[in-house]
Amino acid sequence: MKRSFRKFYIVLFWVLITLIVLYDRRFLIQKIGLGHFAECTVVRVGLLMALSYLNLNVLMPRLLERGRVIVYAVLLGASIAVYIYLQQLYDVYLYGLVLGDQDSRTLGAASTYLIFTTVWYLILTIVFYKALEWYEQKKQVEGLEEEIRQLKEKESMLVKEEDSSEMFIKSGTKKVRIDRDAITYVQGLKDYAILYTSADKLIVKGTLKSVEEMFPSGMLVRIHKSYLVARKKVSSVSSSKVMLGSQPVPVGRSYRENAEKIML
């Protein structure tokens, strides 16, 4: 059993179990106002809670879930025996010695009932715990799936279509279909890039490097820290600029070698 419960679910679990125990032992509530009420309630409910906690948080995760079934069964049986013995000792004290009930002065007077209710209680706590754990894990999985979905939407602003020169470009909140062969150059502006075509321009979020990686290798060439040019659109190259028809694009000093290789 994974220890992945958040505090809210742990508190909710113990509140539900306490209410069920008190309902199951309504005779305790009926004794409000009588002597030993608080003591009796604390002892009986406390022992049940201790047994449940030992089973859920120690024996199951450390033994049962690691395949040590026999050791788990032996220790669980021993803990149940100790629990029943302590309950009977308290019954002998309260009913036999304090209240003077002669039939309650010996151990084992209600052993069958205690065994049955203890096993039922352990099964109930396991079912409730598993149900809440499953629900909490389900909510976590749903949250992770939503985060993954959002990350997938953000990680790529360009989506290529197979066997086609067309692609989708995410511009703002829209995805626009364009022909990638129509792109002439790209200008970088910090965290944004402007994609120019012969007839239009689109603004997308992303660095020049991220834009370059979305196109086929070698299609765009970096000739300046702020510019990429489409290799097929270049008409001439000089030491200071690249001409895309009648459109000049500056060449940065550290990118002259890249520019010169365009025409090779």
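Would you pull out the residues with amide H under 5 Å of Val251's amide H, same chain only if 5 or more places away, H placed 1.01 Å from N?
Lys241, Val242
Could you list which residues have their amide H under 5 Å from that of Met214, counting only those 5 or more apart in sequence or on another chain, with H placed in the peptide plane?
none
Hey, for a label at Trp14 modelled as a point 7 Å past Cα toward Cβ, could you say which residues of the range 50-64 have their backbone N under 13 Å away?
The answer is 50-54, 57.
For the range 236-251, take each phi angle, set θ = phi - 60°, evaluate the Karplus expression 6.51 cos²θ - 1.76 cosθ + 1.60, and give the result in whole Hz per residue in order, putting x for glycine and proline.
7, 9, 10, 6, 10, 7, 10, 9, 10, x, 9, 9, x, 10, x, 10
Going by the alpha-carbon gyration tensor, a ≥ b ≥ c the square roots of its eigenvalues, is the range 199-264 rounded (a/c under 1.5) or, if a/c is not under 1.5, prolate (a/b greater than b/c) versus oblate? Let's see the in-between values first.
Values: a/c = 1.59, a/b = 1.36, b/c = 1.16.
Prolate, since a/c reaches 1.5 and a/b exceeds b/c.
Just to check I understand the Karplus step: with θ = phi - 60° and J = 6.51 cos²θ - 1.76 cosθ + 1.60, what whole-Hz values come out for the range 61-74, glycine and proline as x?
Karplus-based 3J(HN,Hα) across the range 61-74 equals x, 8, 10, 4, 6, 9, x, 8, 5, 5, 4, 4, 5, 5 Hz.
Starting from the 7 Å offset along Cα-to-Cβ, what nm value, one decimal, do you get for the label separation of Lys139 and Lys205?
Result for the modelled spin labels: 2.9 nm.
What is the distance, in nm, between label points placed 7 Å from the Cα along the Cα-to-Cβ direction at Trp120 and at Tyr85?
In this crude spin-label approximation the distance works out to 2.5 nm.
How much net charge surrounds Val204 when only the other residues with a Cβ under 11 Å from the Cβ of Val204 are counted, with Lys and Arg +1 and Asp and Glu -1? It would help to have the intermediate numbers written out before the result.
On the way: positive: Lys170, Lys174, Lys175, Lys201, Lys205; negative: Asp191.
Neighbourhood net charge equals +4.
How far apart, in nanometres, would the label points at Ser254 and Ala50 be if each is projected 7 angstrom from Cα along the Cα-to-Cβ direction?
Placing both labels 7 Å along Cα→Cβ, they lie 7.2 nm apart.
What pairs from Lys175/Lys225; Lys139/Lys205; Lys233/Lys261; Lys138/Lys174; Lys170/Lys190 go past 24 Å between their alpha carbons?
Numbers: Lys175/Lys225 27 Å; Lys139/Lys205 32 Å; Lys233/Lys261 14 Å; Lys138/Lys174 32 Å; Lys170/Lys190 17 Å.
In this structure, Lys175/Lys225; Lys139/Lys205; Lys138/Lys174 lie more than 24 Å apart at Cα.
Starting from the amide H of Ser171, placed 1.01 Å from N in the peptide plane, find each other amide H under 5 Å away whose residue is 5 or more places distant or on another chain.
Hits under the 5 Å cutoff: Val176.
Where in the range 181-216 does the label zone of Ser246 land, with the point 7 angstrom along Cα→C-beta and an amide N cut-off under 18 Å?
184-185, 197-201
Values quoted throughout were computed directly from the atomic coordinates according to the rules given, and no laboratory measurement underlies them. Keep in mind that this is a model prediction, so the values were computed, not measured. Every residue, glycine among them, receives a Cβ derived from its backbone with ideal geometry; neighbour counts consider all protein chains shown.
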